[in-house]
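Okay, so here's the structure we're looking at.
The values are calculated or read from the model by the stated rules, or taken from the named source; none is laboratory data. Bear in mind that the values here come from a model prediction, so they are computed numbers and not experimental data. Positions of Cβ are generated from backbone atoms using ideal geometry, with glycine treated the same way; all protein chains shown enter the neighbour counts. Accessible surface areas use protein heavy atoms only, side chains included; no ligands, DNA or RNA. Shrake-Rupley method; radii C 1.70, N 1.55, O 1.52, S 1.80 Å.
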Amino acid sequence: MGGEPNEARVVAEVPKGLLVAGQWVDASGGETFDVLDPSTGEVLCAVADATPEDGRRALDAAAGAQKEFAATAPRARADMLMAAFDLLHERIDDLALLMTLEMGKPLAEAKGEIAYAAEFFRHFAEEAVRIEGGYQTAPAGGSRFLITKQPVGPALLITPWNFPMAMGTRKIGPAIAAGCTSIIKPAELTPLSMLALGEILREAGVPDGVVNMLPTSRPGELTEPLLRSGVIRKLSFTGSTAVGRVLLAQSAEKVLRTSMELGGNAGFVVFEDADIDEAVAGAMAAKMRNTGEACTAANRIFVQRSVIDEFGDRLAKAMSELPVGRGVEEGVRVGPLIDETAREKVQSLVDDAVAGGARVLTGGTAPDGPGYFYPPTVLTDVPVSARMGSEEIFGPVAPLTPFDTEDEVVAAVNDTEYGLVNYVFTNDLRRGLRVAEALESGMVGLNQGVVSNPAAPFGGVKASGLGREGGRTGIEEFLETKYVGIAM
Ligand code: NAD
């Protein structure tokens, strides 16, 4: 695994075109854009740069395939997803290497993401054959209600760069299971994993036009006409809250169904009665998964005053021992950030916290290039007024803030416009459940630092989004309920 020849081969093998109506094609203007390796800053390859004209072609393909695809047997759709699940596992080493090259995460994490991504296909293959309806007598008697589910129609799926494969399968899986055709617009920083998936879906027997893929360097120009076309009936977006707000406004014109998985600002609470070893391990998972570039990353770590020094020392030790480097290298646990802008943002948030009185326990300064590396960093005594209290850090920086009482910490955690996930560490069951209920977030990790699971409903409240992905509810986001009133 690894090594130059394999790196060159996986990049050479991935399709570089647009997937429209089952064919790999060039962009209508013949333009391309470059994909970079964030660990070196060097160009990996160029891919086709979709234009609004390509958007119209993909729209025709998705619209043209919708009726027939909606009529396929649920079992046939499940079989396509299971075939794709098998291919993802068969090619996991190459796919992980490709993901590490374009996104930077260490190979072991990239492999973990491919397995996680594949699991959405298995989960939704199992859901495809369990779409239920109902038949009941009206309360006043006489007429009957027939309730059935139908695919919502062609969907636009927009994904971020931080989980280049899983954020796609989390949408494509339920879309296929429900019988929806789609156009996928992957993030311009990491289109290669999604393009590799496009080829896998073709091989898995997904009919032409059912899944179309349009990488582009000008996302707004491509997607706005699609949202306003009247053909797209559903938008599923994962990305920042700022872009989510723009897309929600654009979706209002045609009153589209929307699923919005947006930004987070997770609180991580350690009570003095917690198992400190478990809490440190949980914080490492919640902070360092994906080098901190996750919507679920612990962004604000609140530790009860009596244990903050012990917790801080242990966390700093564990963080400082993590090997940083190119994700393709053996033993590396922390890869580069996605680009220089991301790295500058992390540094400015650290500088702001330190200027406000925070102390650096480890890390805190970006190394010289090449690559966009940032060292695992622990700050303590971070004031709640620091910018990182309200902005996503999206990097390997753990800010600790002391607290005294349960009420105080619940209020502090909830004092944000976001509400995706929070984490609570305590050995007092009643307190754990009480605090979990009081926290304003779609998800809570109770004594665990990772909540993502394809079989669980993932999503946020407040400015973190609308709707849920995965779980039993994930497929509902791609289904409409139809009621037929029947006179008897
Ligand atoms: P982003 O919002 O910049 O981009 C996300 C996607 O939207 C990309 O494909 C991008 O090309 C596209 N986009 C950007 N501007 C657009 C426009 N005007 N019109 C249409 N599409 C546009 O976010 P990002 O930097 O790629 O990802 C990081 C963000 O995603 C973070 O805020 C993170 O919290 C969030 N995220 C959320 C979840 C979740 O499940 N809630 C999961 C992963 C990431």
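Considering Val451, Val484, Val444, the condition of being within 30 Å of Glu132 (Cα to Cα), within 16 Å of the ligand (Cβ to nearest atom) and not in a loop (DSSP other than H, G, I, E, B) is satisfied by Val444 alone. A Cβ distance below 8 Å, combined with a sequence gap of six or more or placement on separate chains, defines the contacts here; from the stretch 353-380, residues that are touching a residue at least 24 places away in the same chain (Cβ under 8 Å) and crowded, with 22+ Cβ neighbours inside 10 Å reach residues that are assigned to a strand (DSSP E or B) and among the charged types (D, E, K, R) in the pairs Leu379/Arg359; Thr380/Arg359.
Restricting the stretch 34-84 to residues that are outside any loop (DSSP other than H, G, I, E, B) and of a type in the set (Val, Ile, Thr) leaves a set whose member that is surrounded by the fewest Cβ atoms within 10 Å (Cβ to Cβ) is Val43.
Looking only at the stretch 249-287, residues that are aromatic (Phe, Trp, Tyr) and away from the ligand (no atom under 16 Å from the Cβ) come to 1 in all.
The criterion of at least 1 residues that are surrounded by fewer than 21 Cβ atoms within 10 Å (Cβ to Cβ) and of a type in the set (Phe, Trp, Tyr) is met by the following strands (runs of 3 or more DSSP E) wholly inside the stretch 137-197: 144-151.
Against the criterion of being on the phi > 0 side of the Ramachandran plot and assigned to a loop (DSSP other than H, G, I, E, B), Gly471 qualifies. Within the stretch 462-478, the set of residues being under 18 Å from Val413 (Cβ atoms) and either of a type in the set (Ser, Thr, Tyr) or open to solvent by 50 Å² or more (accessible area, probe 1.4 Å) (or both) comprises Lys462, Ser464.
Looking at the stretch 1-33 only, could you name the residues that are acidic (Asp, Glu), more than 26 Å from the chain's Cα centre (by Cα) and either closer than 20 Å to Val332 by Cβ or open to solvent by less than 50 Å² (accessible area, probe 1.4 Å) (or both)?
The one that is acidic (Asp, Glu), more than 26 Å from the chain's Cα centre (by Cα) and either closer than 20 Å to Val332 by Cβ or open to solvent by less than 50 Å² (accessible area, probe 1.4 Å) (or both): Glu4.
Results for (1) among the β-branched types (Val, Ile, Thr); (2) under 21 Å from Leu361 (Cα atoms), shown as yes or no for each residue.
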| site | (1), (2) |
| --- | --- |
| Leu262 | no, no |
| Val270 | yes, yes |
| Ala285 | no, yes |
| Gln304 | no, yes |
| Glu310 | no, yes |
| Lys317 | no, yes |
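Considering the stretch 226-243, the residues that are in contact with a Gly (Cβ under 7 Å, 6 or more places away or on another chain) and within 11 Å of the ligand (Cβ to nearest atom) include one that is most open to solvent (accessible area, probe 1.4 Å), namely Ser240.
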